[in-house]
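Scroll down for the structure; my scribbles are underneath it.
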Amino acid sequence: MKRHILSAAACLALIAGAAVPAHAKGCIKGAIVGGVAGHMAHHGALGAAGGCAVGHHMAAEKEKQRQADQQQDQQHDQQR
């Protein structure tokens, strides 16, 4: 069990120290959730990697939606 926790912590440390922080949006949160879920299935590192990918995707979708809403608000304001 200690080995899984240490490997998950090492993965998180590598992710947190990434050179490009813009690509890490959602990754750390997803990696934590995925690591915990993966730990229950005895695949902590795999869960953390999958969680990172899903978290990043969800953060990107949220950002796209935020930009679309902002653009729509600007267009609505211009019509007044």
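The table below lists the values:
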| item | result |
| --- | --- |
| Phi-based couplings in Hz for segment 40-55 (Karplus 6.51, -1.76, 1.60; Gly and Pro marked x) | 5, 9, 6, 9, x, 5, 5, x, 5, 5, x, x, 4, 4, 5, x |
| Approximate spin-label separation Glu63-Asp77, in nm, with each point projected 7 Å along Cα-to-Cβ | 2.2 |
| In sequence order, calculated HN-Hα J values of segment 60-69 (Karplus, 6.51, -1.76, 1.60; Hz; x Gly/Pro) | 5, 5, 5, 5, 4, 5, 4, 5, 5, 5 |
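Read-outs throughout are calculated quantities, based only on the coordinates presented, and are distinct from any laboratory measurement. Small disclaimer: the values here were computed from a predicted structure and weren't measured. So basically every Cβ, Gly included, is an ideal-geometry build from the backbone, and we count neighbours across all protein chains shown.
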